[in-house]
Amino acid sequence: MQWLDNLAMDIIERGDPAEFTAYLQQYRNTICGRHPIGVLLNAMANARTKMQCGFRSYDQSSKALLPEDSSVSYASALVCATGT
């Protein structure tokens, strides 16, 4: 469901690895790349230079309206340094 994806993307944009882990535990949303995303969030949180993440595009293979529906979501984000 798109609201689950939006919630995850909002958390990723905030750059909080603990919040992302809590999201995964609470909602059990299957996110391919969740481990690399966790690594990225930890790197951003511990970098000397402040980093910012923003999603640029989002799409779905189909609309999942019910919990038993199946869909694949695609998202792209840009991470950049914002200063020290």
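The values are calculated or read from the model by the stated rules, or taken from the named source; none is laboratory data. Please read these numbers as outputs of a predicted model, since none were measured by experiment. As a convention, Cβ positions derive from the backbone with ideal geometry for all residues, glycine included, and neighbour counts pool all protein chains shown.
With respect to A8, determine if the residue is outside any strand (DSSP E or B) and out of contact with any Pro (no Cβ under 8 Å at 6 or more places or on another chain).
When the stated conditions are applied, A8 passes them.
Based on this model, can you work out whether L78 counts as touching a residue at least 12 places away in the same chain (Cβ under 8 Å), touching a strand residue (DSSP E or B) at 6+ places or on another chain (Cβ under 6 Å) and aliphatic (A, V, I, L, M)?
yes
Quick check on segment 35-84: of everything there that is among the aliphatic types (A, V, I, L, M) and in contact with a Ser or Thr (Cβ under 6 Å, 6 or more places away or on another chain), which residue is nearest to D16 (Cα to Cα)?
A81
Is there any pair with a first residue in segment 26-46 that is small (G, A, S) and a second that is part of a loop (DSSP other than H, G, I, E, B) whose Cβ atoms are under 8 Å apart and which are 6 or more apart or on different chains, and what are they?
Between residues of segment 26-46 that are small (G, A, S) and residues that are part of a loop (DSSP other than H, G, I, E, B), the close pairs are A45/G15; A45/D16.
If you go through segment 5-19 one residue at a time, how many are surrounded by 16 or more Cβ atoms within 10 Å (Cβ to Cβ) and under 20 Å from S57 (Cβ atoms)?
6
Look at segment 28-84 and say how many of its residues are assigned to a helix (DSSP H, G or I) and exposed (fewer than 10 other Cβ atoms within 10 Å of the Cβ).
3
Select from segment 28-49 the residues that are modelled with pLDDT of 95 or more and polar (S, T, N, Q) and list them in ascending order.
Within segment 28-49, N42 is the sole residue that qualifies.
For the structure I just gave you, tell me whether P67 is within 18 Å of the chain's Cα centre (by Cα) and at negative phi.
Spelling it out, it is not the case that P67 is within 18 Å of the chain's Cα centre (by Cα) and at negative phi.
Evaluate the following for G33: is it of a type in the set (G, A, S) and in contact with a Phe, Trp or Tyr (Cβ under 7 Å, 6 or more places away or on another chain)?
No.
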